[in-house]
Amino acid sequence: MISASYKKYILNFKVPSGTSRGVLRTKETWFIILKEKDATGIGECGILRTLSIDDRPDYEEKLQWVCSNIHLGLEELLDRTTEFPSIQFGLEQAFLSLQSETPFLLHPSKFTQSQEAIDINGLIWMGEKKYMNSQIKEKIKAGFSCIKMKIGAIDFDTELELLNSIRKEFSARDIELRVDANGAFSPNTALEKLKRLSDLELHSIEQPIKAGQFNEMARLCEVSPLAIALDEELIGVFSVTKKEEVLQTINPQYIILKPSLIGGYRGGEEWIALAENQNIGWWITSALESNVGLNAIAQWTYTLSSNLPQGLGTGSLFTNNIESPLEVAKGQLRYNTKEHWNFNIE
């Protein structure tokens, strides 16, 4: 007989991290803990306030319902939590974890055996020019060959200047540059900004305008000289039919998958299958989970054999993260089997 409980946990940022939606200082997350005889299963349900579709007043009530009805089994619970994608992901992790040799070995592979690593991008948070510039230098020094910079919060010309300063020193062959606007541009000025950004030989831009403007986004994807990746646009799209409609209408160059925001493995694999049918590229990004969720995303990501750098370098952001074997070195995420998990959240 499986029993289930959940615990809330507040992650504290080492440095307040800026996005176009505001500055992040803490991040709430919840752990679902399953018990069956001597086995334990652990899954993380993480939401991003104001962004997650399941940022709702009844979130904990739903978690309580899930724990009380754990006997229904994974598939039934996933079907009954469609509007709570982060809970779906937590459940997928917890059931896999319960059946695994150890709670954190969800997808055994060369990655979990420390034999291979995952290429990732270095993330540059928004802030004053001096702060952003120091982050850029730090990431390049640390060996990243792909850098993602959040834009849209400070003056656009200043952001261009920062990107230009990288390009003066490093060509597109040396450093791949991605930018993420988090929907900060207006539809009226977006194309002009994309043209100016494209002069810097960027790889892509995430979500240049706010989600939900299908026609405007479709037009941008059609005429933009810079590849566009959908991110927020995928949030709250639950059915396969609707997912297909989004991709066929907008026809982006890429989509970005955050399992906590789109229904975990099941939701992610639906998006990937549809995208590949349309020759749309994709990569996977964490949504500021603790190392528990990041580990679940990374192990799954490795099994998908993508050749693009992934957005999985967020484990070092917090002062009180869960101790784990995950390490970032030379622009890669590695699983160091010499290190151990310490799941202590009291």
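Is it the case that GLY152 is under 20 Å from the mean Cα position of the chain (by Cα), touching a residue at least 40 places away in the same chain (Cβ under 8 Å), farther than 18 Å from THR314 by Cα and assigned by TED's automatic domain parsing to the domain that holds LEU200? Yes. Just to be sure before I move on: is GLU339 surrounded by fewer than 19 Cβ atoms within 10 Å (Cβ to Cβ), out of contact with any helix residue (DSSP H, G or I) (no Cβ under 8 Å at 6 or more places or on another chain) and within 26 Å of GLU176 (Cβ to Cβ) in the structure I sent? The answer is no for GLU339. Among the residues of the range 251-265, those that are crowded, with 24+ Cβ neighbours inside 10 Å, in contact (Cβ under 8 Å) with a residue 60 or more places away in the chain, of a type outside the set (Gly, Ala, Ser) and in contact with a Phe, Trp or Tyr (Cβ under 8 Å, 6 or more places away or on another chain) comprise PRO259, ILE262. For the range 142-157, enumerate the residues that are in contact with an Asp or Glu (Cβ under 9 Å, 6 or more places away or on another chain) and either assigned to a helix (DSSP H, G or I) or of a type in the set (Lys, Arg) (or both). Scanning the range 142-157 gives LYS148, LYS150.
Among residues of the range 44-55 that are under 9 Å from ILE87 (Cα atoms), none has a beta-carbon under 6 Å from a residue that is at pLDDT below 95 and of a type in the set (Asp, Glu) at least six positions away or on a different chain. One residue is enough: does the range 293-306 have a residue meeting the conditions within 20 Å of GLN207 (Cβ to Cβ) and of a type outside the set (Asp, Glu)? Yes; the residues of the range 293-306 include at least one that is within 20 Å of GLN207 (Cβ to Cβ) and of a type outside the set (Asp, Glu). Of the residues that make up the range 83-95, is at least one in a loop (DSSP other than H, G, I, E, B) and at pLDDT 90 or above? Yes, the conditions are met somewhere in the range 83-95. On inspection, GLY183 fails the criterion of being surrounded by fewer than 18 Cβ atoms within 10 Å (Cβ to Cβ), in the same structural domain as GLY311 (by TED's automatic domain parsing) and within 24 Å of the chain's Cα centre (by Cα).
Considering only residues in the range 24-45 that are charged (D, E, K, R) and touching an Asp or Glu at 6+ places or on another chain (Cβ under 9 Å), the one that is surrounded by the most Cβ atoms within 10 Å (Cβ to Cβ) turns out to be GLU44. In the range 42-82, how many are more than 21 Å from GLY268 (Cβ to Cβ) and either acidic (Asp, Glu) or assigned to a strand (DSSP E or B) (or both)? Here the count works out to 3.
For the range 80-115, enumerate the residues that are touching a Lys or Arg at 6+ places or on another chain (Cβ under 8 Å) and either more than 23 Å from LYS258 (Cβ to Cβ) or of a type in the set (Val, Ile, Thr) (or both). Passing the criteria: THR81, ILE87, SER114.
Return the pair list, or none, for Cβ contacts closer than 7 Å from residues in the range 175-199 that are over 11 Å from LEU163 (Cβ atoms) to residues that are acidic (Asp, Glu) and assigned to a helix (DSSP H, G or I), at least 6 apart or on different chains. As it stands, the answer is GLY183/GLU232; PRO187/GLU216, since those pairs meet every condition given. For the range 219-250, the set of residues classified as surrounded by 15 or more Cβ atoms within 10 Å (Cβ to Cβ) and part of a helix (DSSP H, G or I) consists of ARG219, LEU220, CYS221, GLU232, GLU233, LEU234, LYS243, GLU244, VAL246, LEU247, ILE250, listed by residue number. Looking across GLN135, GLN93, GLN113, one residue alone is under 25 Å from LEU308 (Cα atoms), outside the structural domain of GLU176 (by TED's automatic domain parsing), in contact with a strand residue (DSSP E or B) (Cβ under 7 Å, 6 or more places away or on another chain) and of a type outside the set (A, V, I, L, M, F, W, C). It is GLN93. Scoring GLU327 on the criteria (1) more than 21 Å from LEU261 (Cα to Cα); (2) in a loop (DSSP other than H, G, I, E, B); (3) assigned by TED's automatic domain parsing to the domain that holds GLY263 leaves a single failure, condition (2).
The values are calculated or read from the model by the stated rules, or taken from the named source; none is laboratory data. In this text, all values refer to a predicted model and were calculated from it rather than measured experimentally. Virtual Cβ from ideal backbone geometry, glycine too; neighbours counted across all protein chains shown.
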